[in-house]
Each structure stands twice: as C-alpha cells, then as structure tokens.
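The values are calculated or read from the model by the stated rules, or taken from the named source; none is laboratory data. For clarity, every value in this text was computed on a predicted model and none was experimentally measured. A quick note on method: Cβ atoms are made from the backbone with ideal geometry, for glycine too, and the neighbour counts reach across all protein chains shown.
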Amino acid sequence: MNKSYRDMDKFTASIQAIFPKLMHYLSAEENRELTGLEITPGQINALLVLYFNNDLTMGELSTEIGLAESAATRLVNRLVQLNLVKRRGDEKDRRVVRVNLTSYGRQLARLVFERRSYRFNKLAKLLGEEERENLIISLQAVMRVFAQLEKEEQNHGKS
C-alpha cells in the first residue's frame, strides 16, 4: 500500500470511496449492538456521554452530543420517560438543569460499552501495532479538523 496521498485529488477520491463503506459498516454494527434494546443511536450516544461524564448540565450534554439545546431537551425527555435518566436542579443555580443516569440507564450504557469494547478489541487484534497507532493518530487529526471546520462555519454564520 505504497500509494501517495500527497495529491489532493487522489486523497479526496480515496476518502470519498472509504467513508460511505465505513459509515455503512458502523451503522450496521450499531444496529446490531442496539437490537432488542428499544433505544435509538442518538439516545445511546447521550447515555454513553453520561456514562463517562455523569451529572452534566443540559448545555454541556447538548454540546457533547452535538445537538441544539432544544433538541437535546426533547431527547432527554424521552430518556426520562424510559427511566434511563433523571433531571434535577443545580444546587447553586436554580436555572440550571442537570442530567444523571438512573441505575437502569447505567446498566444499559455499560452493556453497550461492553459490546463496543468487544468489537473494537476484535478490530485491534486484526491490526498491527503500528496500524493501531496510525489509526488513532489519524482519527484524532480528522476530529480536530472537523471541530475546526465546524467552528469556522459557526463564525461564518455569525458574520
């Protein structure tokens, strides 16, 4: 695999070929891991964010899951109905609403986390050490650039 991706057109064409297949695979895997759980991918994303950062404000949660606060509020309303999260007021600022996992929500998030860990451990075993390191470095770079582009887009929209 000695292709050079210094040529922008070659890089762009390769990304365009890889991403739809990657997204299809990840979507299929996500559907398999959520089978029987009666929960949407967006809802599990919120649960996993809370699994690692419990007791977030609605604003913090909406930022972490990439939704407008109104959309995050609707998502949290549904999670409250499913007994997966609970809301409570902030002790220092009554205007602030905090979101926490219920014990059921924590169990469900742990189950999905364990399923994903199993899948990614299988992936890791099939990649060489250098490939694993390069993959993480590359994905971190992609996320950094996406965040930069998103910030530029937000700033452009304000001007």
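Tell me, please, whether a residue that is over 18 Å from Gly66 (Cα atoms), outside the structural domain of Tyr104 (by TED's automatic domain parsing), of a type in the set (Asp, Glu) and touching a residue at least 60 places away in the same chain (Cβ under 8 Å) can be found in region 6-23. Checked against the condition, which is being over 18 Å from Gly66 (Cα atoms), outside the structural domain of Tyr104 (by TED's automatic domain parsing), of a type in the set (Asp, Glu) and touching a residue at least 60 places away in the same chain (Cβ under 8 Å), region 6-23 yields no hits at all. For region 59-73, check the following and say yes or no: at least one residue is among the acidic types (Asp, Glu), in a loop (DSSP other than H, G, I, E, B) and either out of contact with any strand residue (DSSP E or B) (no Cβ under 7 Å at 6 or more places or on another chain) or at pLDDT 95 or above (or both). The answer is no; no qualifying residue exists.
Within region 64-105, the set of residues being loosely packed, with under 15 Cβ neighbours inside 10 Å and among the polar types (S, T, N, Q) comprises Ser70, Asn77, Gln81, Asn83, Asn100, Ser103.
For region 92-104, the count of residues that are part of a helix (DSSP H, G or I), at pLDDT 95 or above and assigned by TED's automatic domain parsing to the domain that holds Thr40 is at least one. Scanning region 15-58 for residues that are part of a helix (DSSP H, G or I), at pLDDT below 90 and among the small types (Gly, Ala, Ser) returns Ser27, Ala28.
Put simply, of Val76, Val112, Val142 the only residue that is touching a strand residue (DSSP E or B) at 6+ places or on another chain (Cβ under 9 Å) and assigned to a helix (DSSP H, G or I) is Val76.
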